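The values are calculated or read from the model by the stated rules, or taken from the named source; none is laboratory data. Owing to the predicted nature of the structure, the values given are computational and were not obtained by experimental measurement. All Cβ positions, even for glycine, are placed from backbone atoms using ideal geometry, and neighbour counts span all protein chains on display. Note: accessible area is taken over every heavy atom of the protein model, side chains too, but ligands, DNA and RNA are not part of it. Shrake-Rupley method; radii C 1.70, N 1.55, O 1.52, S 1.80 Å.
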Amino acid sequence: RTVLQRAVKFLLTKQNADGSWCSDAIETLSEASFGFSLETWYCFKLGANGLAVQALLAVDETSERRAALERAVRYLCTTRVPKRGSSWDVDYAWSSVEGFVALVEVARDPRFASPEWQTLVKTRALEFYALLEMTQEPLGGWGYYEGPVVSRRPTWSTSFTTASVVPALYEAQKLGWPLDPKVGERALKYVQKCALPNGAYEYDLNPIPRVNGGESINDVKGSLSRIQVCNWARRRAGDASVTDDKLRSGLEAFFREHKFLDEARLRPIPHEGYYAVAAYFYFFGHCYAGLAINLLPPGEREAFHQQLRGELAKCQWKDGSFMDFLGSSHMQIAATSFATLALQAGLEPDVPTS
């Protein structure tokens, strides 16, 4: 609880006066070398803000946290809708994925049940959904970069980006929102097709899976974080083939091979670790591991959460934040939000001390 409260305090401290986090511009000279457009940084900002909203929704409430949450939701609902960065840069997928997930959760939260909030939230959520509908690639998934540009609609996607939003697409239909159910169905089918016989998930869907020996990213050791989000998403969307045994096996692999996530954390070059593990796999994977644990029978959960807490607590910085991929405050807010969600998943509701 101490680790969790320090993380939440960091989020509250770093919130801007308008309810947002981070900047929508390049923050350091090193960031300029990545070759992204200026719009991309705004897209990263909104993605991080969506995650911060999810984190504040999940934690126990105080008056300070409630006020911060309301400011954050209002900002997310009233700031301008993001645009595509360039022909190859589709990073506004992160804005639409995390923004839509956050607002579906807000709409389901009784604290935002008033007609004013529901109208505001639904309007912006459907704008994020419109982006998702427009950028769903023909195979059913979402990605954030494009290879050879052959059409306005992207033609490349990843299992983990897609899995992140699948449950929200199904939950939004229960809210009665005007969504095309085929969008969610195609996305779920995409994730299902990425599943490999070894329990791993492909990074992106290929006619012939890229499992060719050596340190393949599609080995279980390179798929530790993807396994958690994909199993969680399929189970939440009603896929009965993701049994308790499958969830359990994925979590056991996560902790058994955890050293490959540890080795890659804070490496400055993407996919530099063994099995092409990237630093930013770390807290993303721990968040969905925590959510996957809670799909197991209650009596099994604490043993897994105990392991998860240890892996998270060792990474907290002195200011209460978490970081896995160095470079910008967007990643710091995202990592801290992911860690907050993972820690909260393993705790019973309680009245915070601060």
| query | Residues ALA200, ALA163: which one is touching a residue at least 60 places away in the same chain (Cβ under 8 Å) and open to solvent by less than 40 Å² (accessible area, probe 1.4 Å)? | reply | ALA163
| note | Picking from LEU312, LEU341, LEU296, the residue that is touching a Lys or Arg at 6+ places or on another chain (Cβ under 7 Å) and modelled with pLDDT of 95 or more would be LEU296
| task | Say whether the condition of being buried (at least 22 other Cβ atoms within 10 Å of the Cβ), within 17 Å of ASP239 (Cβ to Cβ) and out of contact with any Pro (no Cβ under 9 Å at 6 or more places or on another chain) is met by at least one residue in the range 174-181. | result | no
| field | Residues located in the range 146-193, provided they are acidic (Asp, Glu) and either outside any helix (DSSP H, G or I) or farther than 18 Å from GLU127 by Cα (or both) | value | GLU146, ASP180, GLU185
| request: Scan the range 242-259 for residues that are assigned to a loop (DSSP other than H, G, I, E, B) and touching a residue at least 24 places away in the same chain (Cβ under 8 Å) and jot them down. | output: GLU257, HIS258
| Of everything in the range 148-160 that's open to solvent by less than 70 Å² (accessible area, probe 1.4 Å) and more than 18 Å from PRO209 (Cα to Cα), which residue is farthest from the chain's Cα centre (by Cα)? | SER151
| remark: By residue number, the members of the range 291-316 that are part of a loop (DSSP other than H, G, I, E, B), over 18 Å from the mean Cα position of the chain (by Cα) and surrounded by 14 or more Cβ atoms within 10 Å (Cβ to Cβ) are LEU296, CYS315, GLN316
| remark: Of the candidates ALA279, ALA292, the one satisfying the condition of being more than 23 Å from PRO197 (Cβ to Cβ) and of a type in the set (A, V, I, L, M, F, W, C) is ALA279
| field | Matching residues in the range 210-237 - criterion: being open to solvent by 60 Å² or more (accessible area, probe 1.4 Å) and either outside any helix (DSSP H, G or I) or out of contact with any helix residue (DSSP H, G or I) (no Cβ under 6 Å at 6 or more places or on another chain) (or both) | value | ARG210, VAL211, ASN212, GLY214, GLU215, ARG235
| Residues located in the range 293-338, provided they are out of contact with any Ser or Thr (no Cβ under 6 Å at 6 or more places or on another chain), within 21 Å of TRP232 (Cβ to Cβ) and β-branched (Val, Ile, Thr) | ILE293
